[in-house]
Amino acid sequence: MEWEGGRQSGNIEDRRGLGPVAAAGGGIGALVLAAVGYFVFGVDPQTTLNAVEGVQAPAAQQQEGPRGSVQDEGGRFVDVIETSNTDVWGPIFARSGGRYVPPTSVVLYDDQTGTGCGLGQSAMGPFYCPADRKVYLDLSFWNELESRFGAKGEFARAYVISHEIGHHIQNQLGATRQADRLGRRGAESGSVRLELQADCYAGVWARHAPEVSSIRITRADVEDGLGAAAAVGDDAIQSKAQGRVMPDSFTHGTSEQRMRWFGKGYDAGKPAACDTFATDDL
């Protein structure tokens, strides 16, 4: 994957090095973090939810970091991928008479940070908060993505970022509310449908990114993305962590499903191919 020199919009909020945050009571409820838009690698969603509820989320105090372009390689990569997503989704929305509004920002942080949805923690992996419309990412997650799950390559990272931006698109289109009505757990749950749709949206981005930016993506890169999708399937994670698979507790979909829906988005290049809520064949 080639990305150096790609356009940077500077839609980055850098909270790295700002230190820990305190939490306070009140707000819209910690369920938001548990239900929407995060990668949980080896962390049970209920455990994550309990941790968030334990600090009386979601009114965790937010330390605003500096906004704009960042200079380190890791930060620049995130900026380029977020900007590329804007360049892809803007025209797609426009063709249907809509207007794509990018996330408020992508927040880079260390360990934990306050969000509009509660206390964000690295153990959750990257996540999207619909309350403040921000994507949150601790860059140390890339080490875990590679060492623990074998998802190597920069495109695997780009897939993760684009998946989270996919959750932002869902929030903008109302799919998040639709998912809430279908439940948070189980093989047919709204949560699984939401995650598979975000995988599909990441595939749409991958298909069009080379057309609208200087990013170059090879077939080998796409295979890296499929490998990353497979690595984060509920069945793969549960089998590795617990030695058994429990479909009733699925929140993200199986490895096969995640690969297939990413592939659907990439092959079709159209968000219409990503309607996981209108099919019984997930």
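The values are calculated or read from the model by the stated rules, or taken from the named source; none is laboratory data. Keep in mind it's a predicted model, so treat the numbers as computed, not measured. Ideal geometry is used to build each Cβ from the backbone, glycine not excepted, and the neighbour counts take in all protein chains shown.
I'd like to check something: does region 190-198 contain any residue that is of a type outside the set (Val, Ile, Thr), farther than 21 Å from Lys152 by Cβ, at pLDDT below 85 and in contact with a Pro (Cβ under 6 Å, 6 or more places away or on another chain)? Within region 190-198, none of the residues are of a type outside the set (Val, Ile, Thr), farther than 21 Å from Lys152 by Cβ, at pLDDT below 85 and in contact with a Pro (Cβ under 6 Å, 6 or more places away or on another chain). Against the conditions (1) within 23 Å of Asp79 (Cα to Cα); (2) not in a helix (DSSP H, G or I); (3) not aromatic (Phe, Trp, Tyr), Ala220 satisfies every one except (2). For region 235-262, the set of residues classified as closer than 17 Å to Arg193 by Cβ and either among the aliphatic types (A, V, I, L, M) or not in a loop (DSSP other than H, G, I, E, B) (or both) consists of Asp235, Pro247, Asp248, Ser249, Ser255, Glu256, Gln257, Arg258, Met259, Arg260, Trp261, Phe262, listed by residue number.
Limited to region 138-153, what total is found for residues that are charged (D, E, K, R), closer than 21 Å to Asp110 by Cβ and either at pLDDT below 95 or surrounded by fewer than 18 Cβ atoms within 10 Å (Cβ to Cβ) (or both)? Residues meeting the conditions: 3. Mind counting the residues in region 66-75 that are surrounded by fewer than 18 Cβ atoms within 10 Å (Cβ to Cβ), touching a residue at least 40 places away in the same chain (Cβ under 8 Å) and over 18 Å from the mean Cα position of the chain (by Cα)? Matching residues across region 66-75 total 4. Does Ala187 satisfy being at pLDDT below 90, in contact with a Pro (Cβ under 8 Å, 6 or more places away or on another chain) and either within 19 Å of Glu256 (Cα to Cα) or in a loop (DSSP other than H, G, I, E, B) (or both)? It is true that Ala187 is at pLDDT below 90, in contact with a Pro (Cβ under 8 Å, 6 or more places away or on another chain) and either within 19 Å of Glu256 (Cα to Cα) or in a loop (DSSP other than H, G, I, E, B) (or both). Go through (1) touching a Lys or Arg at 6+ places or on another chain (Cβ under 9 Å); (2) in a loop (DSSP other than H, G, I, E, B); (3) closer than 28 Å to Ala268 by Cα; (4) not basic (Lys, Arg) and name the single condition Ile92 misses. If we test Ile92 against (1) touching a Lys or Arg at 6+ places or on another chain (Cβ under 9 Å); (2) in a loop (DSSP other than H, G, I, E, B); (3) closer than 28 Å to Ala268 by Cα; (4) not basic (Lys, Arg), just (2) comes out false. Residue count for region 87-97, restricted to those that are without any contact (Cβ under 8 Å) to a residue 60 or more places away in the chain and either hydrophobic (A, V, I, L, M, F, W, C) or over 12 Å from Ile169 (Cα atoms) (or both): 5.
A count restricted to region 96-114 and to residues that are within 15 Å of the chain's Cα centre (by Cα) and of a type in the set (S, T, N, Q) stands at 2. Of the residues in region 35-44, none is at pLDDT 95 or above, among the acidic types (Asp, Glu) and surrounded by fewer than 19 Cβ atoms within 10 Å (Cβ to Cβ). Filtered by the rule that a residue be closer than 25 Å to Gly10 by Cβ, touching a helix residue (DSSP H, G or I) at 6+ places or on another chain (Cβ under 8 Å) and of a type in the set (D, E, K, R), region 132-158 gives Arg133, Asp138, Glu154, Arg157. Here Arg207 passes the criteria (1) more than 21 Å from Asn85 (Cα to Cα); (2) touching a residue at least 60 places away in the same chain (Cβ under 8 Å) except the one numbered (1).
The one condition from (1) touching a Lys or Arg at 6+ places or on another chain (Cβ under 9 Å); (2) under 19 Å from Arg148 (Cβ atoms); (3) not in a helix (DSSP H, G or I) that Ala229 does not meet is (3).
Restricting Ala230, Ala187 to residues that are more than 29 Å from Asp79 (Cα to Cα) and of a type outside the set (Phe, Trp, Tyr) narrows the list to Ala187.
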